[in-house]
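To keep things clear, I will list the structure first and then write my remarks on it.
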Amino acid sequence: MAVSEGHCTGFFTMLYLDVADNLKQRIQTGLYLPGDRVPSLRELSLQLKMSIATIQQAYRCLEIDGILESRPQSGYYVKVQAASSTATPVTHKAAPAPALVNTGELAMRILRATRIPGMVQLGAAVPDVSFLPTLPLQRSARQRHKQGAAHAWHHYEFPPGHTLLRRQIARRCDAAGFNPTPDNVLITNGCQEALVLSLRAIARPGDVIAVESPTFYGILQAIESLHMKALEIPAHAHTGISIEALAMALEQWPVKACVITPNFNNPLGACMNDDAKRAVVQLLAQHDVPLIEDDIYGELAHFGARPSAAKAFDRKGNVVYCSSFSKTISPGLRVGWVTGGKYHEKIEYLKYLANFATATPNQQLLAEFLAHQAYDRYLRQIRGTYAKQVARMRLAITQAFPIGTKITQPSGGFVLWVEMPRDCDALKLFSAAAEQNIAIAPGPLFSVKKKYRHHIRLNAAIPWEPVVEGAITQLGILAKKML
């Protein structure tokens, strides 16, 4: 946004304009990213050999224009929404009827690409190891070894799971707005197993499950594996699932359960506000339809407090809450959990039938890790890192992709949803990119009806190196060739 003299009437001179425009250009070219602290008044005053009053008035002008924000006792920072004026992707209308899911083959192609050496991994929503708390986790592993934890390898932690880990998880739920007891926390093999067990406890083959559209393809695969039907409810990149469309669907179809990700939905990155979460919980309770909440990204807000879970507004045990540490600590440990409300006992029994237990050493390692302050220190650091990663990738997409491309601007998580011009076919782009050793996730993967043919999802949790920047440039070239 240009700095206009009219915005700063009364304390603007050409000198202020020069300072403000220079800093604005640095922000637009990516030298300073959203969330970055810009030089202090004194630093820039010394650098430019100008008075502090001159620098301060330039900063005030940029603050008025929504480019900078002042944080008490800290200084001036680039605002998150200052990165780009790129439009938000459009939401599709709801599907006319529930449908059986058939996304497995395409999903497996995405997963196979993650194992190809030299592939630039922009497809799977998995953080690069450099973004995970590897060293603190190793220290916890050494501590467990000193305590003689080898015996943990030789026995089951039968459901509900390791007591100390469940206690730590229950404590962490306080920040999300609800207070389960450790006995109401069940350890699972990642969030995916938590979702599958929850669906199995609530619904049967042929039942209708309402989902956001677009939604995470893992949810669609879970529904597919259980021979259930998915009913797509449109979601917006800023506000999440459409409550009005959900209400209409509940009147029209025999919905057995609803699965949503209220905090930083994958792929949209949408975060519902508390009023919307409360409204969804109440609406579903009125229809006696359980809500299965996937909150796997809830602790990855870029700035500010961790958002509340929808579970925080549950008064009838109607919300089944699922999450894991796969996006924040280690995807390889495969440790998730579920607190199942009035369905909890059945979910726990199904867990036992499925595989007896989640790996004991992994549970004990995480219990040790969570017992100290290392995890919270890591979260404080990585949230800002992901904000910069997302902003950096948005800027690169804006510069490389065809005119008319629209990009989400999430306030948490690390994925971007990109809507290209209609002539750009996401499946063809997926194949062409794979030939260039670039993995992406095509839009049809996130829809029962194979919608979003000109959309892709990109993973920003990857070190920003020349090969990654080159991959974004190459994707833009391939997309432009389709026009």
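The values are calculated or read from the model by the stated rules, or taken from the named source; none is laboratory data. Since the model is a prediction, treat every value here as computed from it, not as a measurement. Cβ sites come from the backbone with ideal geometry, for glycine too, and all protein chains shown count toward neighbours. Surface areas here come from the heavy atoms of the whole protein model, side chains and all, with no ligands, DNA or RNA. Shrake-Rupley method; radii C 1.70, N 1.55, O 1.52, S 1.80 Å.
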Please give the helix 52-64 orientation as an angle from the longest Cα principal axis of the chain, in degrees from 0 to 90, rounded to the nearest 10.
50 degrees
Taking a cut-off of 18 Å between Cα atoms, list the aspartates and glutamates near LYS79, but don't count ones fewer than 8 places away on the same chain.
ASP21, ASP36, GLU63, ASP65, GLU69
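Probe radius 1.4 Å, ligands and nucleic acids ignored: give me the carbon and sulfur share of the accessible area of the chain as a rounded percent. Before the final figure, lay out each step's value.
Details: 10870 of 20490 Å².
It is 53 percent, rounded to a whole number.
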In deg cm²/dmol, rounded to the nearest 500, the helical mean residue ellipticity at 222 nm of the chain, built from -39500 (n - 2.57) for every DSSP H run of length 4 or more, is -12500 deg cm²/dmol
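Output the relative contact order of the chain, whole-number percent, from Cα pairs under 8 angstrom with separation of 6+ residues. Before the final figure, lay out each step's value.
Values: 946 pairs, mean separation 98.5, N = 483.
After rounding, I find 20 percent.
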So what does log10 I(q)/I(0) come out to for the range 368-480 at q = 0.20 Å⁻¹, using the Debye formula with one equal point on every Cα and no solvent?
-1.03
Along Cα→Cβ, 7 Å out, is where each label goes; now give me the distance between the ones at LYS428 and ASP183 in nm to one decimal.
6.1 nm
Taking the 0 to 90 degree range and rounding to the nearest ten, how far is the long axis of helix 360-370 tilted relative to the main principal axis of the chain, both from C-alpha atoms?
40 degrees
In Å², what does the accessible area per residue of the range 168-265 work out to with a 1.4 Å probe?
33 Å²
Crossing angle, helix 426-435 versus the chain [Cα axis fit, 0-90 degrees, rounded to tens]:
80 degrees
Measure up LYS327/LYS449; LYS311/LYS450; LYS327/LYS450; LYS428/LYS481 against 19 Å on the Cα-Cα distance and list the ones that go over.
LYS327/LYS449; LYS311/LYS450; LYS327/LYS450
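The chain: Rg/Rh from Cα coordinates, Kirkwood Rh?
Details: Rg = 23.6 Å, Rh = 23.8 Å.
Ratio of gyration radius to Kirkwood radius for the chain: 0.99.
Give me the number: length gained by fully extending LYS49 to ARG71, i.e. 0.36 nm times residue separation minus the C-alpha to C-alpha distance, one decimal in nm.
Details: separation 22, 0.36 × 22 = 7.92 nm, distance 2.45 nm.
Difference between extended and current length: 5.5 nm.
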